[in-house]
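**Q** First, the structure itself, so that you have it in front of you.
The values are calculated or read from the model by the stated rules, or taken from the named source; none is laboratory data. These numbers were taken from a predicted model, which means no experiment stands behind them. No Cβ is skipped: glycine too gets one built from the backbone with ideal geometry, and neighbour counts run over all protein chains shown.
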Amino acid sequence: MRQPDGTIRKLRRSVNEPGHAHELTFSCYHNLPLLSNDPTRLWLLDALRQAGSKLSLELWAYVIMPEHVHILLLPCADMYRTSSILQAIKQPVSRRALHCLRTQAGAQLRSLRHVRRNGHVAYHFWQPGGGYDRNITSPQVACQAVDYIHNNPVRRGLVEAAIDWKWSSARWYADCDDVQLSMDGTPPHP
């Protein structure tokens, strides 16, 4: 869909069905590696905790890559909106990161600048649009999604084994001691 500013935004269709888990993927603005530093990754983990508590979500898996995020979660409320879940996760990170960049007046802030057709300037941390959203309805597909999420850093060559990437729930699944964020549960087994 072409936006008023001339950019093309992909439309994401969400199906908010009670009992369905969601595999969500969203990216940093222009796929920049904005999630390459520990403070920003910690802000994202904090946002996941807060969103889970506020919106009654079970977090089943996650991985924070340098320029994107994969999450598998189960909304426990009878009524929910995937867009609200994404907003609750993404907005606090964006606000904190942009505030930090503004106070440091870093060159990186310029790369996040977007001038709209009407001349207004906006700064984006996340790529506009909802990203990728897939409803998960079977235990087998949920377990495959967990494996896919955990092996993302391995496929990219960032680590040799999934548990070596500390910004992932793979360490929690492997029962390691130094886990960044505990999961609320696991998908049912097939």
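**Q** Considering region 51-83 alone, what residues qualify as being assigned to a helix (DSSP H, G or I), surrounded by fewer than 15 Cβ atoms within 10 Å (Cβ to Cβ) and either among the hydrophobic types (A, V, I, L, M, F, W, C) or more than 13 Å from the chain's Cα centre (by Cα) (or both)?
**A** If the condition is that a residue be assigned to a helix (DSSP H, G or I), surrounded by fewer than 15 Cβ atoms within 10 Å (Cβ to Cβ) and either among the hydrophobic types (A, V, I, L, M, F, W, C) or more than 13 Å from the chain's Cα centre (by Cα) (or both), then S53, K54 are the ones that fit.
**Q** Looking at V179, V146, V141, V159, can you tell me which residue is closer than 16 Å to V63 by Cβ and in a helix (DSSP H, G or I)?
**A** Just a single option satisfies the conditions, and that option is V146.
**Q** For the structure I just gave you, tell me whether S138 is surrounded by 12 or more Cβ atoms within 10 Å (Cβ to Cβ), modelled with pLDDT of 85 or more and over 21 Å from the mean Cα position of the chain (by Cα).
**A** yes
**Q** Something else about it: Which of the residues belonging to region 94-135 are polar (S, T, N, Q) and exposed (fewer than 11 other Cβ atoms within 10 Å of the Cβ)?
**A** Correct list: T103, Q104, N118.
**Q** Go through region 140-160 and report how many residues are under 16 Å from Y173 (Cα atoms) and not hydrophobic (A, V, I, L, M, F, W, C).
**A** Selection size over region 140-160: 7.
**Q** Here's a follow-up. Which of (1) part of a helix (DSSP H, G or I); (2) crowded, with 21+ Cβ neighbours inside 10 Å; (3) of a type in the set (A, V, I, L, M) does L45 not meet, given it meets every other one?
**A** (2)
**Q** Please enumerate the residues belonging to region 85-108 that are out of contact with any helix residue (DSSP H, G or I) (no Cβ under 7 Å at 6 or more places or on another chain) and within 16 Å of W126 (Cα to Cα).
**A** If the condition is that a residue be out of contact with any helix residue (DSSP H, G or I) (no Cβ under 7 Å at 6 or more places or on another chain) and within 16 Å of W126 (Cα to Cα), then L86, Q87, K90, Q91, S94, R95, L98, H99, C100 are the ones that fit.
**Q** Looking at A161 and the list (1) more than 29 Å from V15 (Cβ to Cβ); (2) surrounded by 15 or more Cβ atoms within 10 Å (Cβ to Cβ); (3) modelled with pLDDT of 95 or more; (4) small (G, A, S), which single condition is not satisfied?
**A** (2)
Per-residue answers, yes or no, for (1) of a type outside the set (S, T, Y); (2) farther than 21 Å from P39 by Cβ:
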position	(1), (2)
Q91	yes, no
T103	no, no
G119	yes, yes
P128	yes, yes
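**Q** Scan region 162-176 for residues that are over 18 Å from the mean Cα position of the chain (by Cα) and in a loop (DSSP other than H, G, I, E, B) and jot them down.
**A** Of everything in region 162-176, those that are over 18 Å from the mean Cα position of the chain (by Cα) and in a loop (DSSP other than H, G, I, E, B) turn out to be A174, D175, C176.
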